[in-house]
1. Tell me which trypsin sites (Lys or Arg not before Pro) from the stretch B:89-164 have a DSSP coil assignment and no more than 15 other beta carbons within 10 Å of their own.
2. Is the shape of the stretch B:608-685 rounded, prolate or oblate, going by the alpha carbon gyration tensor and its root eigenvalues a ≥ b ≥ c, with a/c under 1.5 for rounded and a/b larger than b/c for prolate?
3. Kindly sort B:ASP435, B:ASP228 by accessible area of their heavy atoms, largest first, with the probe set to 1.4 Å.
4. Picking from A:CYS97, A:CYS58, A:CYS132, which is most flexible by a Gaussian network model of chain A using Cα springs under 10 Å?
5. How many partner chain Cβ atoms sit within 10 Å of a residue's Cβ in peptide B:67-79, on average, as a whole number?
6. Hey, if you put +1 on the Cβ of every Lys and Arg and -1 on every Asp and Glu Cβ in chain B, which of B:TYR503, B:THR680, B:GLY329 ends up farthest toward the positive end of that dipole?
7. Need the list of lysines near B:LYS194 for cross-linking: C-alpha distance under 25 angstrom, and skip anything on the same chain fewer than eight residues off.
8. Indicate, rounded to the nearest 5 percent, the antiparallel portion of the DSSP beta bridges found entirely in the stretch B:410-552.
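The values are calculated or read from the model by the stated rules, or taken from the named source; none is laboratory data. Bear in mind the structure is a predicted one, so any value in this text is a computation, not a measurement. FYI the Cβ positions are ideal-geometry reconstructions off the backbone, even for glycines, and counts take in every protein chain you see. All accessible areas refer to the heavy atoms of the entire protein, side chains included, with ligands and DNA or RNA removed. Shrake-Rupley method; radii C 1.70, N 1.55, O 1.52, S 1.80 Å.
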Amino acid sequence: MVTLQINGQAHTIDAPDDMPLLWALRDIVGLTGTKFGCGIAQCGACTVHVDGKAVRSCMLPVGAIGNRAITTIEAIGDTPNGAKIQKAWLDIEVVQCGYCQSGQIMSATALLNRTPNPDDSDIDAAMAGNICRCGTYVRIRQAIKNAAKSV
Amino acid sequence: MSMSSKSGTAGLSRRRFLQVGTAAGGGLMLGFQVGGAFAQAPAPKKYVLNPNAFIAIARDGKVTFQIPQEEMGQGVYTSLSQLLADELDVDLANVTPLPAPPSDALYASPRSRRQSTGGSTSIRGFYTALRQVGASGRAMMVQAAAQQWGVSAASLRTESGQVIDDARGGRKLSYGELAPRAAKLPAPQEVTLKADKDLKYIGKSVKRLDAPEKVNGKAQYGIDVRMDGLKVAAIAASPVVGGKVAHVDDSKLKSMPGLQLVQLDDLVAVVGPNFWAAKKGMDALDIKWNGGENAKINTDAIWRDLEKGSQQKGAVAKEEGDVEKSLKGDRFDAAYEMPFLAHAPMEPQNFTVHVKKDGSCELWGGTQVQTATVKAASDALGIAPEKVTFHNFMLGGGFGRRLATDMVTKSVRVAQKVDGPVKVIWTREEDIQQDMYRPAYRNAMSASLTKDGKIDGWTHRIAGGSVIAAITGGKPLKDGIDGDAVEGAVNNPYAIPNQRIEYVQTEPKALNLGWWRGVGPNNAVFAIESMMDDLAKKAGKDPVAFRLAHLGNEPRLKAILQIAAEKSGWSKPLAARMGRGVCAQNAFGSYIATVTEVDVTEMGKINVRRITSIVDAGRTVNPDTIAAQVQGGILFGMTAALYGDITLKDGRVQQRNFNDYRMMRINETPSIEVHVVSSTEDPGGIGEPGCSAGPPSLVNAVFAATGVRIHRLPIDRSLLASRKIA
Ligand code: FES
Ligand code: FES
């Protein structure tokens, strides 16, 4: 049994310590917004926040998290930067298939949490771990800038 | 009931039969049949509506559109809804798009005659047809109101889901109120489509209907399926095509509780309560495979076959003028090659299947081919298609991968051994190593120039495997030609008096083939545009000017190429080891002209600096979606040109995951300016063609920067290292 703090709620789940958070979220807790893309921290589809920082949940064992606060795409809109990012995404129509976008939005929100006015190289550094097979990068960059400017 | 459109705007004249019916709760439904007898589709329970309809209007005014095409990011839920909503005259905000159930009889594209989302055909197939359905619905609402009020229909108008009688104080009836009466009317014999100036949604960049749920994690993809009692399986199919399981050592698995081994002749699965448990079980197995003859195949051997193939005479797909004579003089020969590629959509392959004790089967997942998915399951189980129920989900990318149904078949075969529903999920490694690959191609080309630098003779011979043959189980091709493989080559946009296009079917061993975003034009446009650059150099002409001089028969392409040159600053000088490359193409009914600017370091590293692309896709439905598809398509193609290469060693695919099957990332992505020109030509396709614009403009830019011509993709950086400009 492991207890996790997910989106402000404690969840006690029957999972071995080595189970990656990704699968605990998707298959046990039932939060499927966090996506599986590669399983080896190469694509960013599984990005969640742990204490406000972006982490790849496919490589993070549930036993290593302890009491730290986990935030997923389902609740990121309740945070000021998450809401700004989501709105910026919709305003300029970033999404295509959408499968990578949970991870993109989590990475982008973590970037704004840390760097309120990111420049191009900040964006490159924060977002290079998130692959988008549909090729929405140009709009992701623009949406992050728009979100940073919005109040 | 027959109908025809008075002012068809896309030259569609085929008569179509409109079906009227009563929706649940007494509303109106409208659909059309594509041909043949009107067939009843099996109606999955989740649809409260009778599925014989594109439009259903309930008494409460709620409008539902059943979208025949699959949403995989290309925005088709939105664009097809725009077509219907505009002509029906309802607010898009009040419309719910739902996936149409599987039925070729009801939902096949008027273009392809099957229910399939591929080949950039959704708008081309449905543009006029869905406008007619919408316009018919509107006409019936007006007719119903005229009856109810006892006035002439001609005196009424519609606005936002209401019929309005201006002559009598502007009284109104809503579509919801009118729906029961309208449902009893015959469909109109003729409808008039809106004039361009009256269009409210068509041609406008309206907001995507699927976007809000894709930014908050609510959108449901196949991999997200959850239900009581659901098990999850990890799968390993033979790493060599045609191989068999030789032995499975499951001694470690036996000590892991709650896991079930499924061992079939050519695949192994481990079923568990969740994916992690199943995957750990899979990792605990020691599986020996017997690869058979294919285990001897390496990619080198396939390339040797392709080279040999390209030296043989092929089946002639097109011949004009006197080719032999035209090539007698000063001839230029070149070969351009493209590798095998995996699709690697972000959502790995998966399907959820419940094979039930009563002999029926339920399926949950995302596919580009709804009816073929049902057939794959019914074939695998030996049951009638009517016994298969399919629940449709969003696709986390298609790109042609989900035009195949191998993932359905494999999942069904595993599910046959499992009690209750099971979700079979492929790891990324499985997804990349068990793909239906884009064929490798070798283009052998020859051309000659006249004294004033015009192309006189041209031969283009394409050697490669045939996807059509693969899909039809190896049937001989009609006249030896794979129409997809020569697409783009037979409609080469340049005016060339003497030309011959040939295809040599050269099947690769040990790899399954499939359609890949951009299909044949990816190869043909790469070859043609590389050759055009080489010929421009030989003629001593500027690459854009050389192309323009050959575009006399293609005014649309000529016009956008001029705009591309202007907007990209084509003639502005660049520093050393920087260059611009151009690509002009006509593919999938749309024209695109693209200029890419690069710099190449002394080490041979390519930095893409800027991309400018001008698009003439004819009449547009949603220009912003077109721009998005071209932006994404260019990156999809460029990713392949920079990195994409599937290779075989001992019959096994060597690439495994995104670490060795690389994707372009945001830090490698330049600004991409896309301009969509306005046009009154027939609408063109747009999901695919951006893809073929990327690689040629990139290699031509590299040529301009370094003087090195790239003959095979992906680009070998060692060819570019420390060379000086010629
Ligand atoms: S699934 Fe975690 S980074 Fe790809
Ligand atoms: S939107 Fe499809 S992978 Fe990013």
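1. Values: sites: B:ARG111, B:ARG113, B:ARG114, B:ARG124, B:ARG131, B:ARG138, B:ARG157; in loops: B:ARG111, B:ARG113, B:ARG114.
Within the stretch B:89-164, the qualifying trypsin sites (Lys or Arg not before Pro) (loop, at most 15 other Cβ atoms within 10 Å) are B:ARG113, B:ARG114.
2. Working: a/c = 3.75, a/b = 2.11, b/c = 1.78.
The shape class here is prolate.
3. From most exposed to least exposed: B:ASP228, B:ASP435.
4. Among A:CYS97, A:CYS58, A:CYS132, the largest GNM mean-square fluctuation belongs to A:CYS97.
5. On the way: counts 0, 0, 0, 0, 3, 5, 10, 3, 3, 0, 0, 1, 0.
If you average over the peptide's residues, the count of other-chain Cβ atoms is 2.
6. Value computed over the given set: B:THR680.
7. The reachable lysines, counting only those whose Cα sits under 25 Å from B:LYS194, are B:LYS6, B:LYS62, B:LYS172, B:LYS184, B:LYS204, B:LYS207.
8. Working: 9 of 18 bridges.
Here the share of antiparallel DSSP bridges comes out near 50 percent.
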